[in-house]
1. Can you work out the FRET efficiency for the pair E128 and A84, with r the C-beta to C-beta distance and R0 = 30 Å, to the nearest 0.05?
2. How about region 71-125: which trypsin sites (Lys or Arg not before Pro) there are in a DSSP loop, with at most 14 other Cβ atoms within 10 Å of their Cβ?
3. Checking the cross-link filter: which lysines have an alpha carbon closer than 18 Å to that of K39, excluding same-chain neighbours under 8 positions apart?
4. Between T44, T110, T100, where does the largest GNM mean-square fluctuation fall for the chain, given springs only between Cα atoms within less than 10 Å?
5. Given Cβ point charges of +1 (Lys, Arg) and -1 (Asp, Glu) and nothing else, what value in debye, to the nearest 20, does the dipole of region 2-129 about its Cα centre take?
6. Return the tail of the calculated pair distribution for region 2-129, meaning the percent of Cα-Cα pairs more than 24 Å apart.
7. For region 2-129, what relative contact order do you get, as a whole percent, if you take Cα pairs closer than 8 Å and at least 6 residues apart?
Amino acid sequence: MLKLVNEGARSSLPFSPGFIAGDIMFVSGQASVDPETGKIIPGTFEEEMRRSIANLQAILEAGGLSLDHVVNVRSYVADENDLALYNQIYPEYFAQPAPTRSTIVGVLGTKLKFELDCFAYARATRQEAVR
């Protein structure tokens with residue numbers, strides 16, 4: 001089964017928000033953008049991170065999933081000075097057991113402070129994996 005998830009948050013750039021391929025949902029990189037227009041909304045690191053995760057969450061929900069289904073996160077942080085705040089905010093959204101994660105620093109240029117993408121498993125949440 002292959003299903004396009006084209007709701008939740010949109011981008012003005014040429015990519016799909018998400019695809020479900022079998023039991024895995026792939027969500028494209030989500031940044032601090034207006035979910036209707038895809039236009040960048042600048043802010044503090046915290047504002048941009050929270051808006052990015054809200055967009056990710058909206059796409060997951062459009063696919064019938066939640067943040068608890070996420071098994072892998074790739075995050076992009078523009079400034080390494082924001083890593084402590086990133087690690088402080090992150091657990092508010094991703095409960096234990098936490099997803100696997102990669103964090104890449106210094107790759108976003110000057111327009112964004114944060115972006116993330118993910119893989120989610122449709123059949124179970126991470127919490128069900130430890131039962």
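Read-outs: derived from the displayed coordinates by stated rules, not from any lab. Since the model is a prediction, treat every value here as computed from it, not as a measurement. Virtual Cβ from ideal backbone geometry, glycine too; neighbours counted across all protein chains shown.
1. On the way: r = 31 Å, r/R0 = 1.04.
Taking R0 as 30 Å, the efficiency between E128 and A84 is 0.45.
2. Answer in residue order: K111, R123.
3. In chain and number order, the partners are K111, K113.
4. Between T44, T110, T100, it is T110 that shows the largest mean-square fluctuation.
5. Values: 11 positive and 16 negative charges, 58 e Å.
With only Lys, Arg, Asp and Glu charged at Cβ, the dipole is about 280 debye.
6. Values: 1865 of 8128 pairs.
Across region 2-129, Cα pairs with separations above 24 Å total 23 percent.
7. Values: 272 pairs, mean separation 39.3, N = 128.
Rounded, it is 31 percent for region 2-129.
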